[in-house]
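> Here's a structure for you.
Every number in this text was worked out from the coordinates using simple rules, so none of it is lab data. Predicted model only: the values in this text are computed from it and were never measured. No Cβ is skipped: glycine too gets one built from the backbone with ideal geometry, and neighbour counts run over all protein chains shown.
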Amino acid sequence: MRDYDYHPNEPDVRVFGVPEAGVLVRTDEMYLGQTREPASLEWGTPSLVLRHYAFAGEWFKLNATFSCEGELIETGAEGDEYVVNCDIATPLRWTGSDATAVDLFLDVMVRRDGSYWIVDRPEFEDACSRQLVSNSEARNAEAGLRSLLRWITSGTAVRIGDI
């Protein structure tokens, strides 16, 4: 299966291959795929599990990194570590057996303790002003961001490691 991730400001579409065994959920409403990746390019480093969650009814998708034992792992630069990277994006769409979405620039980085920060607001606003993101997409992206933040802060969201 392929997961196509389009960024309106880039000339190429990012394509992530997911082996059939890595497709954990594939319904009309949700996709959960995982791949095993090296922790770094250095020989002998342990593997990591990357999980990608996408939803047909939401304007966001989630990316989380786990140890091979199933524990969430913090990644990111020192001082800016996070356990989940949330992309504000168009809802999941299926084209045959392939998943597609358009990344709308805004991201929310979530720490292990549930605190978070929003990144790429200037890039989002620039893309909107240049019409790389339509007015409708911009409104839905902002609504998706509000929905995501409610989901993160409510304490009622499904724990990401449980899906």
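> How big is Rg to Rh over the chain, alpha-carbon atoms, Rh as the Kirkwood inverse-mean-distance radius?
0.95
> While we're here: In degrees between 0 and 90, to the nearest 10, how far off the longest principal axis of the chain does helix 135-154 point, with axes built from Cα atoms?
Helix 135-154 sits roughly 40 degrees off the main axis of the chain.
> Would you kindly calculate the mean projected area, averaged across all directions, of the convex hull enclosing the Cα atoms of the range 74-163, in square nanometres?
7.2 nm²
> Evaluate the distance, in nm, between pseudo-label points positioned 7 Å from the Cα of residue 28 and of residue 13 along their respective Cα→Cβ axes.
Roughly 2.2 nm, to one decimal.
> Now a separate question. At a Förster distance of 25 Å, what's the computed FRET efficiency of residue 2 paired with residue 125, Cβ-Cβ distance as r, to 0.05?
0.25
> Okay, moving on. So how strong a dipole does the chain carry about its Cα centre when Lys and Arg Cβ are +1 and Asp and Glu Cβ are -1, to the nearest 20 debye?
Charge dipole of the chain: 480 debye, to the nearest 20.
> Quick check: the distance between the Cα centres of the range 119-158 and the range 57-94, to the nearest angstrom?
Using only Cα atoms to place each centre, the spacing works out to 16 Å.
> Could you list 52, 7 in order of exposure, starting from the residue whose Cβ has the fewest other Cβ atoms within 10 Å?
7, 52
> Could you list which residues have their amide H under 5 Å from that of residue 104, counting only those 5 or more apart in sequence or on another chain, with H placed in the peptide plane?
Amide H neighbours of residue 104: 88, 89, 90.
> What does the charge add up to near residue 80, with Lys and Arg as +1, Asp and Glu as -1, over the other residues with Cβ less than 11 Å from its Cβ?
-2
> Once you charge only the Cβ atoms, +1 for Lys and Arg and -1 for Asp and Glu, what is the size of the charge dipole of the range 64-146 about its Cα centre, to the nearest 20 debye?
Using Cβ point charges on Lys, Arg, Asp and Glu, the range 64-146 gives about 460 debye.
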